[in-house]
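Read through the structure below, which is laid out as C-alpha cells, and then see the notes.
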Amino acid sequence: MDRKRTIQDFITMKKKGEKISMLTAYDASFAALLDAAGIEMVLVGDSLGNVLLGYDSTVPVTMEEMLHHCKAVRRGVKQAFLVGDMPFMSYQVSKSEAISNGGRFLKEAGCDAVKLEGGTEVCETVKAIVKAGIPVMGHIGLTPQTASQLGGYKVQGRDADSARRLLQAARDLETAGAFAIVLECIPAQLSELITGTVSIPTIGIGAGRQCDGQVLVTHDMVGMFEKFIPSFVRQYANLASEIKKAVATYRDEVRKGIFPGEEHSFTMQLDIKSLLEE
Ligand code: KIV
C-alpha cells in the first residue's frame, strides 16, 4: 500500500477477515523499520517506561515522555496508522483534562489516535474525547497501569463474572465511539466471543488468534528486552545476544588495536612531520 492507513481500512480488514498487525515503536529508526516491513499500526506504548526508561511499571510514565517519543516515531512512520498511549493519570482526573491531553498527541506529536486503558468505567471519558474529534482505541483485560488493582499481571476474564464484565466493557467502548479495542491477556474463547460481538476491530496480546489483529511489544518480539519475557510472546529474533556479541567483539578489537582498520581511517597528502619542523 502506498498511502497512509486509515480507520476505515481496519474496519474493511475486519469485514474481510484480513488480520491487522500492530507493533510498538519508541524512536524514529525502529518506527521506520516497522513501517518499511508493512506493519499496519504502530503504537507508541507506555511500555516504553519498562523497555526504554527502566521503570518497574508503566505508572511513572509522563505526558512529556510520551509526547517526546511519539514525535520521534512520527518522523519514522510514513504509512502505518500511529497510536499514542495515554499515560496513567492523563485521562482519569477529568474529562476536560483527558480531552486536552488527548489533543496534544494529535496536535503536538502528529499521532492519528490515542489509546487508553479501562472498560465501562472509562466510557464517558472515551465518549468525550471522541466527541472532541480524537480517535480512541480502548484497552481491556490486563491493564498494566492498574495491574495492582487486578491482583498483578494476571490473565483476566477466566470466571463467568469477569468474562461478562469484559464483554460488556467491549460493547460499551464500541458504543462510546472507540474505533478498536486491545484485548490483553484474556482467554482465547472470550476474545473470540468479543471479536464476534463488536463491529470494531479487536487487537489481541495474549488473547489468542481469533482477534482481528495482534500487537506485541517490539523489544519483546525481537528479543531485546531480557528482564521479563511474557509467556504469550514469540521471539522472532534474539537481538540481545547479537548486540552483546557485537559489543564484546568491538571491545576486544579496540583493546588489541585491530579497530579501526586502514579502511576506517582518513588520510592526507601533507608530510605530517613537516609540521614539527616549522
Ligand atoms: O504499552 C503498550 O505497549 C501496550 C501494548 C502492549 C498493547 O499497551
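Throughout, read-outs are computed from the coordinates displayed, never taken from laboratory work. Just so it is clear, the structure is predicted and the values come from calculations on it, not from any experiment. So basically every Cβ, Gly included, is an ideal-geometry build from the backbone, and we count neighbours across all protein chains shown.
Okay, here's what the table says:
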read-out	value
Extension gain, Q79 back to A147 (0.36 nm per residue minus Cα-Cα distance, nm)	21.2 nm
Reciprocal of mean inverse Cα separation for the chain (Kirkwood radius, Å)	20.2 Å
Furthest towards positive pole of dipole, Q269, P187, I205, structure part the stretch 169-278, Cβ charges	P187
FRET E, pair D159, R3, Förster distance 41 Å, beta-carbon r, rounded to 0.05	0.35
The stretch 213-254 - Rg (one decimal) and Dmax (whole number), Cα, Å	12.9, 46
Sparse-neighbourhood loop sites, trypsin sites (Lys or Arg not before Pro) in the stretch 169-234 - DSSP loop, at most 13 other Cβ within 10 angstrom	R209, K227, R234
Taking the chain and dividing mean pair separation by its residue count, relative contact order in percent (alpha carbons under 8 Å, at least six apart)	14 percent
Amide H partners (placed H, <5 Å) of T24, local residues excluded	L43, L216, T218
Convex hull volume of the stretch 176-278 per residue (C-alpha atoms, cubic angstrom)	226 Å³
Acute angle (nearest 10 degrees) that the helix 95-107 long axis makes with the longest principal axis of the chain, alpha-carbon atoms	40 degrees
Other-chain or far-sequence residues with amide H under 5 Å of F81's (modelled H)	R5, M41, V42
Value of D in µm² per second that Stokes-Einstein yields for the stretch 17-66, Kirkwood Rh from Cα pairs, at 37 °C (0.692 mPa s)	276 µm²/s
Of E263, E117, E253, the one that fluctuates the most in a GNM where the chain has Cα springs shorter than 10 Å	E263
Between 0 and 90°, nearest 10: helix 63-76 axis offset from the chain longest Cα axis	70 degrees
Rounded if a/c under 1.5, otherwise prolate or oblate - the stretch 103-259, Cα gyration tensor axes	prolate
T267 versus A132: modelled label distance in nm, points set 7 Å from Cα along the beta carbon direction	6.3 nm
Length added when fully stretched, E64-F228, from 0.36 nm per residue minus Cα-Cα	56.5 nm
Whole-Hz couplings from phi, Karplus 6.51/-1.76/1.60, listed for the stretch 82-93; x for Gly and Pro	9, 10, x, 8, 6, x, 3, 6, 9, 9, 8, 5
Phi to ³J(HN,Hα) by Karplus 6.51 cos²θ - 1.76 cosθ + 1.60 over the stretch 138-144, Hz, x for Gly, Pro	x, 7, 10, x, 6, 10, x
Fully extended contour minus Cα-Cα distance, from A32 to E277, at 0.36 nm per residue	83.0 nm
Interchain or long-range residues, amide H under 5 Å from K115's placed H	G84, D85, M86, M137
